Structure formats: C-alpha cells, structure tokens
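Notes for the one structure printed next.
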Amino acid sequence: MDTMQGLKRTHYCGEVLEAGKIVTVGGFCDTVRNKGGIIFIVLRDRTGVVQLTFDDTTDKEIFEKAASCHSEYVVMAQGEVRERESKNDKIPTGHVEIYVTDFRILAKAQTPPFEITPETKVNEELRLKYRYLDLRRAPLQQNLILRHKIAQCAREYFYKNGFLEIETPMMMKSTPEGARDYLVPSRVHHGEFYALPQSPQIYKQLLMVAGYDRYIQLARCFRDEDLRADRQPEFTQIDLEMSFVDVDDILDLTEGFLIELFEKVMGRELKTPLPRLTYTEAMNRFGSDKPDLRFGMELQDLSDIVKDCAFPVFANALAEGGTVRCVVAKNAAQKLTRKEIDKLTEMVRGIGAKGLAYVRWVDEAPACSFGKFLQEGELDGILKAVSAEQGDVVLIVADKTSVTLPVLGALRNHLAKQLELIPAGEFNFLWITQFPFFEKDEETGEWLAMHHPFTMPMDECLPYLDSAPEKVFAKAYDLVLNGTELCSGSIRITDYELQQKMFEALGLTPEEIEAKFGFLVQAYRYGAPPHGGLGIGLDRLAMVLAEADSLRDVVAFPKVQNARELMSGCPSPVEQENLDVLGIACTEKE
C-alpha cells in the first residue's frame, strides 16, 4: 500500500476547473473504465468529481496501479489539468481532466453492499446499517453541507447582533416539558438521576436573570418520544433568549436571520415581513396550527348554510354545538372517483371523524352522498356558498369543532399530495401567534396548560386566568415553513407569584413546585428583566430547505422508528458489573 509521502492535496475534486495547472487531488474511485490503452478514473470527494486520465504515455508502474483500482479505492493523484476531448456539460468539471503523473493507492476497498450513486434503489435499512458508505453519496453530502452552512450563518448573524454563545448543562434536573426525559443514573448518588435536556429552557431564563441579555446556543436536546419523519430522539436547535423585549422584537430579529440565511445559503431573496396568523384564524382557515401555504383549498364553514337541512349527520352535529365544514378540491372529480372517496372516508375515520359526506360534480348533475335528505334548491345553495363548479369535489365533515378542524386540515394536506398541488422549490414561511393558554381535557373536563409553564399570558387576558380559561391567550408564537413547525417560543413569566399560579394550573402541588422549580422561583425574587426567546429546529430547517423526505436525510447518524441506530446497534446491553456500580437492577418485562 502506498503512502501520501511527498504529496499534499492542493485542490478538491470539484475545484479543478482550469486547464494548465498542476494539481494534487485525493478521494474515492467512483468509476474505473479500462479501455486497454487508456484508463479513466472518476475521482469523487465531498465537492464533486473529476476525471483522471492514464494513457500509453503514462509511466508503466502508474498505469498498472490505475488498472488495479476498483470502486471506492482511496487514492491520491497529481498531474496536469488538460481540456477534455469529450466534454460533459452535466458536471462543473466536465470540460477538463487530470493527466496523471503521480498516483498512490492509499486504501483498497471491498465491493460495497450497494452502489455509491446519487440515486440508489436499495432499502433504507441497508443504507443505515452501512451509513458511512451511504454518507459518501452526493445527495446526503449536499444535505449535510447545507446543514453546516445554516449553522454557520446562524452563529455569524446572532454574534453580529450582540448575542453571546453560552453552553448550558447536558445533565440537568428532570422537569416536566411535555415529553419523557432520557435519564442518566448517578454513580455517586444511588437512586438519583440526571436528565438529558429536552431544551435549555430553564438555564437560558436564568441567564437572563443573571444579566447576560442576549444568549445563543446550538443546543443538543433529547426527548424520549415516538419517532416519525420529522422527529428524532436527539436533535439540535438554534436556541436564543433576549431581555427587555416583547413579541415583535423577537419575531423581527428572527426574520432578519431568515433574510440573511436565504441570501447567503440559498441564494434567494426572502420577502418580509412574514405573514402572521393567530392560532384561531389558522385553525379556522386551514385546520392546522402549522398550515402549508403553498396551496389553497382553505376550509369553508357550511354551518349556517345547512342549519335547516334534514340530513341527520349535519343536524346532530349542530345540535350538539358542533360545526359543518368542508374543503373543495378544484377540478378533481376525475381523479377522486367513488373508490378514491371511499379511501378518504376510511382515512378520516382513522383520525377521529365519524365519516365523510361529499358532492362529486362530474356530469351535468352533481352526485351527492346525502342528496335524498335535501329539499329542492339546498344542494345549489351549498355549491354556490363554496364556489363549487362542474369538475369539483366537495368533501364535508360534521362533528365537534375540535374534531372537524384537524380532520379537515389533515385531509387538505393529503389531497394536496394526492392531487399534486404542491409546487416544488417554494418556501412559504408563516408566524402563528396568540395560542390558547389552556386546553380542555375532553375526558375530565379540566383545563390544562397548553404550553410549558413559563409562558406569559397576553396582558389583556390576565383578568380571566381564574374565571374564564377559554379567554386566555399566550404570548406564544411558532414559525412554520411549508407545513412544518420550525420553532416555538414565547415571552416568559417573570413575576414569581404569577409563575406559582401557572405551576398550580399544571396540577403541581406546592411540594412538587418547590422540588422541581424552587430554584427558578427563588431566582425571580431577586429581580428578572422581561425576556423571551425561541428555539429553531436546525434539523427540521435543513430538512425543509433541502426538500428532503425525512430528518434522517440531514442527520449524519440517525435513529430509526424504534429509536435504534442500525449501524452501531445501540442501544445495547451492558455488563452487569457496570449496572452494579450504578445500583441498577434490570427486570424482565412481562
């Protein structure tokens, strides 16, 4: 095996663009084509590829080395950059090649379990098992480079705006944040545990109490919850907190970051101010607190239109204080056949609806699933109210408002994908503001805090805290991009008496408050400036900007659905003696 001695890389493969230079490159052999008297090796690194050429004028020993190469061999090559006879306009380096004068094989490679190509047809499980090979593929490399650029831009922007990067502890006190903690046993204090942070929330608030004014951190966070495409058990957020600010200050500063991010990383202009919707308006119009604005199909309220209708489903829903609403799928009658509508009906039943009424207007006379209950002119009134025309399909849900809105919101998103209504390459940001402070537990009827217990109610809502919880809204805000929630934030409570009241709203006893948050309440007694902040999900932001299907495509070594990492096989058992040191015994699960 050769060594690098005497060679030093001068260029990455993707940087070899000008003929006439002597360059040295290193990388993986992407393809090797031996045509007898001439050999072409396409060399690949994280920046792209470049062609190495060997012919009958090449030193014999070098030619033989090149002939022995196979895909994924690690090599270094030095030579003169020349114009290619057969040019390739599909790649940046396609007009040049390196005529090799020095060549080293630094590492041989077995045949990989799948081809290292931009698009590979093997299943994801195999790729994740050999993740170090999967990461050699150009799409994943581009995604991780994009993620790096986002992080770099964030640091530069917030540093420039007076923020201090301060690390908060990775082992902390277990506190309720809405998800299960990952726990770390203490060797020194048997029976006691640290928790890995779900967020740096408490510590960054204490930094405001300590007078650090503007804090930023690319914070690692951990949540022991079920996984999905946009969720991993460990993730990174661009975490910030500011003192002497209100909602508009934080939103404006964040928009400034997004403007710079799009200009520097995406090469695009982002128009601001970003649109804002209150939570209530978003739910009424889109059935979601994270609506995708890249397409229309807004929800429409039919309650007043059908209030005298004899259809029992509508009548019963309205009699119980519910609502009748719909979405209109324009020009979809040919695609949404009766069979497809039956599938949609099963889908909405699976997420809580009792069923799905519809009007499908293919021929001159529309087909209506509840037509036999209608009086003359009632169907025309419904179609006119929702601006439905021939070729359209009207899909209707009638139930409690808390069921109807999210069901239609999910149906709206499903239809947009099925009908291919979502344009590629568009990025539609949206702020959602004024979230309800409390939400009602459907089973117990009790009002529970909707956010973490440090969120400040809106000033005008404070009188209703005890008397009318449904009228209390929070100084809370989410940033949404293309239907994905990127961040949550709020103005924080700094009055220790109000903070005590919020803990009680969570159902915590005075003893629990003291045990879990006593140090925070105590800190407020020494004076806390008004402050607020947010955390932008770096992984999710990278996923949406890369137009990737999953967080796994923008994370170097991700976990799968059951929180296992397939490459290393973690989590895994440990020796009993290690558990004994920690004072831990494992029992068989029944």
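The set of residues in the stretch 311-345 being acidic (Asp, Glu) and within 22 Å of residue 392 (Cβ to Cβ) consists of 340, 342.
Looking across the stretch 356-388, the residues that are among the small types (Gly, Ala, Ser) and either loosely packed, with under 15 Cβ neighbours inside 10 Å or not in a loop (DSSP other than H, G, I, E, B) (or both) come down to 357, 365, 367, 371, 377, 381, 385, 387.
Among the residues that make up the stretch 300-307, is at least one of them in contact with a helix residue (DSSP H, G or I) (Cβ under 7 Å, 6 or more places away or on another chain), of a type outside the set (A, V, I, L, M), within 27 Å of residue 483 (Cα to Cα) and touching a residue at least 40 places away in the same chain (Cβ under 8 Å)? Taking every residue of the stretch 300-307 in turn, none turns out to be in contact with a helix residue (DSSP H, G or I) (Cβ under 7 Å, 6 or more places away or on another chain), of a type outside the set (A, V, I, L, M), within 27 Å of residue 483 (Cα to Cα) and touching a residue at least 40 places away in the same chain (Cβ under 8 Å). Applying the criterion of being hydrophobic (A, V, I, L, M, F, W, C) and modelled with pLDDT under 90 to the residues of the stretch 473-506, the residue that is most open to solvent (accessible area, probe 1.4 Å) is 506.
For residue 537, state whether it is touching a residue at least 60 places away in the same chain (Cβ under 8 Å) and open to solvent by 10 Å² or more (accessible area, probe 1.4 Å). Steps first, answer last, please.
Values: touching a residue at least 60 places away in the same chain (Cβ under 8 Å): yes; open to solvent by 10 Å² or more (accessible area, probe 1.4 Å): yes.
For residue 537, the condition - touching a residue at least 60 places away in the same chain (Cβ under 8 Å) and open to solvent by 10 Å² or more (accessible area, probe 1.4 Å) - is met.
Scanning the stretch 242-265 turns up one or more residues that are open to solvent by 70 Å² or more (accessible area, probe 1.4 Å), aromatic (Phe, Trp, Tyr) and touching a residue at least 12 places away in the same chain (Cβ under 8 Å). Checked against (1) without any contact (Cβ under 8 Å) to a residue 60 or more places away in the chain; (2) open to solvent by 50 Å² or more (accessible area, probe 1.4 Å), residue 335 passes all but condition (1). Counting only strands (runs of 3 or more DSSP E) wholly contained in the stretch 389-457, the ones carrying 1 or more residues that are at pLDDT below 95 occupy 438-440, 447-449. Scanning the stretch 415-434 finds one or more residues that are under 24 Å from residue 306 (Cβ atoms), out of contact with any Asp or Glu (no Cβ under 9 Å at 6 or more places or on another chain) and either open to solvent by less than 50 Å² (accessible area, probe 1.4 Å) or not polar (S, T, N, Q) (or both).
Yes/no matrix, rows are residues, columns are (1) polar (S, T, N, Q); (2) loosely packed, with under 13 Cβ neighbours inside 10 Å; (3) in contact with a strand residue (DSSP E or B) (Cβ under 6 Å, 6 or more places away or on another chain):
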| position | (1), (2), (3) |
| --- | --- |
| 102 | no, no, yes |
| 106 | no, no, yes |
| 110 | yes, yes, no |
| 118 | no, yes, no |
| 128 | no, no, no |
| 133 | no, no, no |
| 139 | no, no, no |
| 160 | no, yes, no |
| 179 | no, no, no |
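Please verify whether residue 467 is within 20 Å of residue 534 (Cβ to Cβ), outside any helix (DSSP H, G or I), open to solvent by 50 Å² or more (accessible area, probe 1.4 Å) and of a type in the set (Ser, Thr, Tyr), treating the condition exactly as stated.
Values: within 20 Å of residue 534 (Cβ to Cβ): no; outside any helix (DSSP H, G or I): yes; open to solvent by 50 Å² or more (accessible area, probe 1.4 Å): yes; of a type in the set (Ser, Thr, Tyr): yes.
Answer is no for this residue.
Considering the stretch 197-232, and only residues there that are open to solvent by 40 Å² or more (accessible area, probe 1.4 Å) and hydroxyl-bearing (Ser, Thr, Tyr), the residue that is nearest to residue 161 (Cα to Cα) turns out to be 212.
Say whether the condition of being more than 30 Å from residue 527 (Cα to Cα) and in a loop (DSSP other than H, G, I, E, B) is met by at least one residue in the stretch 192-209. Even if it seems obvious, please write down each step before you answer.
So the first thing to find is which residues in the stretch 192-209 are more than 30 Å from residue 527 (Cα to Cα), and the list is 192-193.
From what's left, in a loop (DSSP other than H, G, I, E, B): 192.
There is at least one residue in the stretch 192-209 that is more than 30 Å from residue 527 (Cα to Cα) and in a loop (DSSP other than H, G, I, E, B).
The values are calculated or read from the model by the stated rules, or taken from the named source; none is laboratory data. These numbers were taken from a predicted model, which means no experiment stands behind them. In this analysis, Cβ positions are derived from the backbone assuming ideal geometry, glycine residues included, and neighbour counts consider all displayed protein chains. Side chains are part of the model used for accessible areas, which takes the heavy atoms of the whole protein and leaves out ligands, DNA and RNA. Shrake-Rupley method; radii C 1.70, N 1.55, O 1.52, S 1.80 Å.
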